[in-house]
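Participant: I have a structure here, written as structure tokens, and I will follow up with some questions on it.
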Amino acid sequence: MNRELQHIDEKNLVSLLIEEKGKSDRAFNEIYERYKADVYKYCTYMTDNIDEANDVFQETFIRFYNNIDLKKLGKSVISYLIIIARSICLNLIRNRKSTVEFSETTFSVDERNQYDNNELFELIIRSLDLLKPENREAFILKELQGFKYREIADILDISESSAKTKVARAKVKITKILQPYISELKQ
């Protein structure tokens, strides 16, 4: 794909998308290329289902294209895209009906080898469904996507201290969920 607009900053890309009919498709394609991996990763972690993640991912970019508003854009395009994806994910999660029981205990992790680390990572991803949605998304944004607490606060429309609290709560809950597995690793 020819990315002739790859050197244009995101604010100017959005302006082209809104104002320049001849360049709007190319501007949208450039925005899509820049942020598709991050948006898809977020959708995948939040839904824990490839089909649902694909649907949310596509809907996110459709809504972005159809409803882009410079006033709502805020500080960055990626934050705006994640806010859209978040809204769609939360609606999807709210509509799900599932319950899972687990025992709550604490543990510490002794990471011994790569196999155990990969297996642990997979278990962490699976345990995300057991978290409260607001803690899950804060954890995903911080630990799996590398956003700063300030960015998380902007995306979730909360204070920075609340963002830190939500990530900490998610870590505690994941630790409790994975306690039996970690105990087995230590033996």
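Participant: Can you name every residue in the range 8-51 that is in contact (Cβ under 8 Å) with a residue 60 or more places away in the chain and under 25 Å from K132 (Cα atoms)?
Facilitator: D38, K41, Y42, Y45, M46, D48
Participant: Restricting to helices (runs of 4 or more DSSP H) lying wholly in the range 23-96: which have 3 or more residues that are surrounded by 17 or more Cβ atoms within 10 Å (Cβ to Cβ), in contact with a Cys (Cβ under 8 Å, 6 or more places away or on another chain) and at pLDDT 90 or above? Outline the logic, then answer.
Facilitator: Working: elements: 24-47, 50-67, 70-73, 77-95.
Helices (runs of 4 or more DSSP H) meeting the threshold: 50-67.
Participant: Testing S108 on (1) modelled with pLDDT under 85; (2) assigned to a helix (DSSP H, G or I), one condition comes back false. Which one is that?
Facilitator: All conditions pass for S108, except number (2).
Participant: Okay, next question. Being at pLDDT 90 or above and assigned to a loop (DSSP other than H, G, I, E, B) is the requirement here; does I158 meet it?
Facilitator: Values: at pLDDT 90 or above: yes; assigned to a loop (DSSP other than H, G, I, E, B): yes.
Yes, satisfied.
Participant: Every residue in the range 174-187 that is out of contact with any helix residue (DSSP H, G or I) (no Cβ under 7 Å at 6 or more places or on another chain) and in a helix (DSSP H, G or I), please. Walk me through it before giving the result.
Facilitator: Residues of the range 174-187 out of contact with any helix residue (DSSP H, G or I) (no Cβ under 7 Å at 6 or more places or on another chain): 175-176, 179-180, 182-184, 186-187.
Hits for the range 174-187 are T175, K176, Q179, P180, I182, S183, E184, K186.
The values are calculated or read from the model by the stated rules, or taken from the named source; none is laboratory data. From a predicted model like this one, the values you see are computed outputs, not experimental measurements. In this analysis, Cβ positions are derived from the backbone assuming ideal geometry, glycine residues included, and neighbour counts consider all displayed protein chains.
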